[in-house]
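Reviewing the structure listed below.
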Amino acid sequence: MTYLAAAENLAAFVPRRLSLWRGFCVQLSTAFVGVAMPPTVGHVAVNARYPHREHVDGNTIAAAVALSQIVNVVMTVLLLIVCGLLTGPGLSKVKIASGRDVRIGLGVVAVVVIVALALPQTRAKLAATVWPHLRGIWPRLLDALSHVPRVRFGTPPAREAQRHK
C-alpha cells in the first residue's frame, strides 16, 4: 500500500497520465536503490528518471519530485509526532537532543550559510548555476500548487488533454 501511495503522490504533481503498475514498480525499485545509495538520493534519482522516460520536461520533473519529497517529509514528521504521542513519554528513556543543542546547531548552520553568501564568488556561482534552474522550475511549481493535487492514474487521456488546454 505504501508503494501505491508513493506512486500516486508523484503522479499527483505530474500533468500527464502515468501508469499505476509502472508507478508501483518504480516505487518498489526505490527500496532496492536505497541499499546501494544514500536513501533520499536514490529515491529522488529514480523518481526523476521515471517521468523523464514518460517524456515529461525537466522543469516539470524537478517541480513534481520536489513537491513529492516535501509531501513525504511532512507526512513522515506528522506520523512521527502521532506515534510519539501514542507511545507516551514513559516507554523511552533515551533523550535525543535538547532544545538548546538544536538551537546551537541551527545557529551554526545559519552562520555558515551567511558567511558563504557574503563571499562574492559564492554568490556569482549560485547566480550562474542555481537561479536559471529555479526560474524554469518556478512556473511549474506554482502551477502544481495552484491546483489541488489530483491522482492522474484513472484519468482518461482525452479528459486529461481537455483539462490542460
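The values are calculated or read from the model by the stated rules, or taken from the named source; none is laboratory data. Because the structure is a prediction, the values reported are computed rather than measured. In this analysis, Cβ positions are derived from the backbone assuming ideal geometry, glycine residues included, and neighbour counts consider all displayed protein chains.
So which residues in the stretch 45-64 are touching a helix residue (DSSP H, G or I) at 6+ places or on another chain (Cβ under 6 Å) and β-branched (V, I, T)?
Scanning the stretch 45-64 gives V46, T60, I61.
Exactly one condition in (1) without any contact (Cβ under 8 Å) to a residue 40 or more places away in the chain; (2) charged (D, E, K, R); (3) under 24 Å from P139 (Cα atoms) is not met by E8; state its number.
(1)
Of all residues in the stretch 1-59, how many are within 18 Å of T76 (Cβ to Cβ) and among the acidic types (D, E)?
1
List every residue pair whose Cβ atoms lie under 7 Å apart, where the two residues are 6 or more positions apart in sequence or sit on different chains, the first residue falls within the stretch 23-51 and is touching a residue at least 24 places away in the same chain (Cβ under 8 Å) and under 17 Å from A62 (Cβ atoms), and the second residue, located anywhere, is of a type in the set (A, V, I, L, M, F, W, C) and not in a helix (DSSP H, G or I).
P51/V14
Just one of (1) of a type in the set (G, A, S); (2) at pLDDT 70 or above; (3) surrounded by 10 or more Cβ atoms within 10 Å (Cβ to Cβ) trips up A128, so point out which.
Tallying (1) of a type in the set (G, A, S); (2) at pLDDT 70 or above; (3) surrounded by 10 or more Cβ atoms within 10 Å (Cβ to Cβ), A128 fails exactly one: (3).
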